[in-house]
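For reference, the structure discussed in these notes is given below.
Just so you know, all these numbers are worked out from the coordinates, no wet-lab data involved. All values derive from a computational prediction rather than experimental measurement.
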Amino acid sequence: MQTYKTWIASRLDVVGPLGDIARFIHQDPSFPDGFDKDVIRAWLENRGVAERHIVAFIGTWKFYTADAKKKPREASLEQTLVHEVEKRGGLCWKFTSPGTVGVPDRIVIAPNGTVAFVEMKAPNGKLQPIQRKRAEELLERKANWYLLKSYMGIQVFLQEIFGDEI
């Protein structure tokens with residue numbers, strides 16, 4: 001299930017209380033990255049945010065819980081990956097190779113130089129035979145190749161590449 005922090009990240013560019021909340025959360029590494037409404041509200045209140053921000057948070061909670069129950073689309077997973085990699089100082093480039101089909105969706109380069117090829121799929125998505133062949137070619141050459149199909153998969157990937165805690 002997607003955390004509130006991940007969900008609100010798509011609202012970073014919004015003008016007004018909702019965007020303010022998104023920016024507060026992403027600028028403070030102590031934000032409780034979980035699913036508990038009361039803990040998140042207490043965190044906001046302890047930071048002295050304006051009442052309009054608390055009201056906006058309460059108003060968004062029902063939309064967050066409805067969205068969190070949905071299976072994520074590949075595009076929203078990919079957007080989360082890009083955001084989280086760049087937040088850690090890495091590069092997350094869209095990978096296309098004219099003339100070669102089936103290459104992974106993204107190349108991730110960590111600040112320490114670690115390179116990973118990432119194929120993104122929706123939770124029920126399956127690799128095409130050519131994608132499986134490209135993965136095997138990369139793995140045979142000792143390249144880091146990952147198939148990511150969930151927010152938890154992204155968190156595990158970030159831990160392996162960046163040393164994050166889950």
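Helical content of the chain, expressed as a calculated mean residue ellipticity at 222 nm, amounts to -15500 deg cm²/dmol (DSSP H runs of 4 or more residues, -39,500 (n - 2.57) each, divided by residue number, nearest 500). Over 23 Å apart at the Cα level, from the set 94/121; 62/94; 69/94, are 62/94; 69/94.
Over 26 Å between C-alpha atoms is what I'm after, so list which of 5/71; 70/133; 87/126 land there. Distance filter (> 26 Å) returns 70/133; 87/126. Taken one residue at a time, the phi angles of the range 93-106 give Karplus couplings (6.51, -1.76, 1.60, θ = phi - 60°) of 8, 5, 10, 10, 9, x, x, 10, 8, x, 6, x, 5, 9 Hz. Gly and Pro are set to x. Between the Cα long axis of helix 17-27 and the first principal axis of the chain there is an angle of about 60°, rounded to the nearest 10. Applying the Karplus relation 6.51 cos²θ - 1.76 cosθ + 1.60 with θ = phi - 60° to the range 59-75 yields 3J(HN,Hα) values of x, 7, 4, 5, 6, 4, 5, 5, 5, 5, 7, 6, 6, x, 7, 4, 5 Hz, where x marks Gly and Pro. To the nearest ten degrees, helix 151-162 and the longest principal axis of the Cα atoms of the chain are 70 degrees apart.
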